[in-house]
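Working notes for the structure below.
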Amino acid sequence: MDNSTQDSHLRSENSVTYESPYPIYAMAFSPSHPHRLALGSFIEEYTNRVHILSFHPETLSLSPHPSLSFDHPYPPTKLMFHPRKPSPSSSSDLLATSGDYLRLWDVRENSVEPLSLFNNSKTSEFCAPLTSFDWNDIDHNRIGTSSIDTTCTIWDIERTVVETQLIAHDKEVYDIAWGEARVFASVSADGSVRIFDLRDKEHSTIIYESPHPDTPLLRLAWNKQDLRYMATILMDSNKVVILDIRSPTTPVAELERHRGSVNAIAWAPHSSTHICSAGDDTQALIWELPTLAAPTGIDPMCMYSAGCEINQLQWSAAQPDWIAIAFANKVQLLKV
């Protein structure tokens, strides 16, 4: 990753574009099938779609698999493949989705089969929509979900039972991220970032609160290369807030070069000091945080301009040279 030129532009000839029949929101790269990308439609009706694409780096193209496209109830709020590493012995892949419920799907060579639906609702008539989830990359049997009903639920996906459910916040929980096998964090409409340890479910640690009361925090990204750091974004804000869990309440950095609201953030999967952000200003910005100790005045090391507001981004763990962004009905892969 060349950082010799500040504010350098990612070149369009190093990008790949796929145009979907539908607006796109959720996206996921597969760790075990490095050239596989899942997309979720965002249609304001019950029936939505999930598509599986193949990426061909040698021809810089993306191709859909019609046999691996399937209906999904409501727009999926998140997609995530099983976090296992590639295995030559396995051609199938597990995909998790969230919306009305958490669901698991078996992605095979030429078909996708529903495996499990995880429902903890005590009444059959209503379920609180899930805003997000995270698959534990240490204990692959755990998925944590966040919901508008103020709870976080930890599922044992092998036994399809709830391991624990916590009232995590005072208002809707918008995102959840694992840090360790038994430690996760969440963000909420109540404006707080809280860390929970499953070994002590009665307590949580608030490590950040919005500077303006009741400004919701929308997304949370835990730095998997250095678990001391995480990032969050505020509603209708152009800032990315970088937190050090050893120093609660005060951000170690605030990245403020977006000219519109930030919608998505992703740490580099191969570097502890790089993070990407994207937002309503049509910009995807890559930042280098050399010391993670400079509170203001940090400029992005490179940028990319999309055709319109960017709603989502993912940084491929299997191919860390590639970042995916979603805007309108398009997905672009950017080489960094």
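The values are calculated or read from the model by the stated rules, or taken from the named source; none is laboratory data. The structure presented is a predicted model; accordingly, all values stated were derived computationally and were not measured. Neighbour counts run over all protein chains shown; Cβ positions are idealised from the backbone, glycine included. Areas reflect the complete protein model, heavy atoms only, side chains present, ligands, DNA and RNA absent. Shrake-Rupley method; radii C 1.70, N 1.55, O 1.52, S 1.80 Å.
For this structure, a couple of remarks:
- Selection within region 235-259 - under 17 Å from Ser188 (Cβ atoms), outside any loop (DSSP other than H, G, I, E, B) and touching a residue at least 40 places away in the same chain (Cβ under 8 Å): Leu243
- Hey, Glu109 of a type in the set (D, E, K, R), out of contact with any strand residue (DSSP E or B) (no Cβ under 9 Å at 6 or more places or on another chain) and assigned to a loop (DSSP other than H, G, I, E, B) or not: yes
- From the list Thr205, Thr215, the lone residue that is among the hydroxyl-bearing types (Ser, Thr, Tyr), touching a Lys or Arg at 6+ places or on another chain (Cβ under 8 Å), in contact (Cβ under 8 Å) with a residue 12 or more places away in the chain and surrounded by fewer than 21 Cβ atoms within 10 Å (Cβ to Cβ) is Thr205.
- Just one of the numbered conditions (1) part of a strand (DSSP E or B); (2) open to solvent by 10 Å² or more (accessible area, probe 1.4 Å); (3) of a type outside the set (Val, Ile, Thr); (4) farther than 16 Å from Ala177 by Cα is not true of Trp287: (2).
- Conditions (1) open to solvent by 30 Å² or more (accessible area, probe 1.4 Å); (2) within 18 Å of Lys78 (Cβ to Cβ): number failed by Asp197: (2)
Per-residue answers, yes or no, for (1) closer than 21 Å to Ala317 by Cβ; (2) part of a loop (DSSP other than H, G, I, E, B); (3) without any contact (Cβ under 8 Å) to a residue 40 or more places away in the chain; (4) in contact with a strand residue (DSSP E or B) (Cβ under 8 Å, 6 or more places away or on another chain):
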{"position": "Leu117", "(1), (2), (3), (4)": "no, no, yes, yes"}
{"position": "Ala128", "(1), (2), (3), (4)": "no, yes, yes, yes"}
{"position": "Ser132", "(1), (2), (3), (4)": "yes, no, no, yes"}
{"position": "Ile154", "(1), (2), (3), (4)": "no, no, no, yes"}
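- Every condition in (1) surrounded by 16 or more Cβ atoms within 10 Å (Cβ to Cβ); (2) touching a Ser or Thr at 6+ places or on another chain (Cβ under 8 Å) holds for Asp236 except the one numbered (1).
- Residue check, Ala231 under 24 Å from Asp137 (Cα atoms), open to solvent by less than 30 Å² (accessible area, probe 1.4 Å), in a strand (DSSP E or B) and out of contact with any Lys or Arg (no Cβ under 7 Å at 6 or more places or on another chain): yes
- Test: residue in region 135-156 that is more than 20 Å from the chain's Cα centre (by Cα), over 15 Å from His82 (Cβ atoms), open to solvent by 20 Å² or more (accessible area, probe 1.4 Å) and not charged (D, E, K, R): no
- Among (1) more than 23 Å from Asn141 (Cα to Cα); (2) touching a strand residue (DSSP E or B) at 6+ places or on another chain (Cβ under 7 Å); (3) small (Gly, Ala, Ser), the one test that Ser92 misses: (1)
- Pair list, Cβ < 9 Å and 6+ apart or interchain, from region 309-336 residues that are under 17 Å from Pro31 (Cβ atoms) to residues that are of a type in the set (D, E, K, R) and assigned to a loop (DSSP other than H, G, I, E, B): Ala317/Lys224; Ala318/Lys85
- Pick from region 157-174, criterion assigned to a strand (DSSP E or B) and over 17 Å from Tyr101 (Cβ atoms), ranking: most open to solvent (accessible area, probe 1.4 Å): Ile167
- Check on Ser277, part of a loop (DSSP other than H, G, I, E, B), in contact (Cβ under 8 Å) with a residue 24 or more places away in the chain, among the small types (Gly, Ala, Ser) and open to solvent by less than 60 Å² (accessible area, probe 1.4 Å): no
- Filter result (open to solvent by less than 20 Å² (accessible area, probe 1.4 Å) and touching a residue at least 60 places away in the same chain (Cβ under 8 Å)) within region 63-95: Asp93, Leu95
- Here region 218-228 is the region considered, the condition is being open to solvent by less than 80 Å² (accessible area, probe 1.4 Å) and either part of a loop (DSSP other than H, G, I, E, B) or basic (Lys, Arg) (or both), and the residue that is nearest to Asn263 (Cα to Cα) is Arg219.
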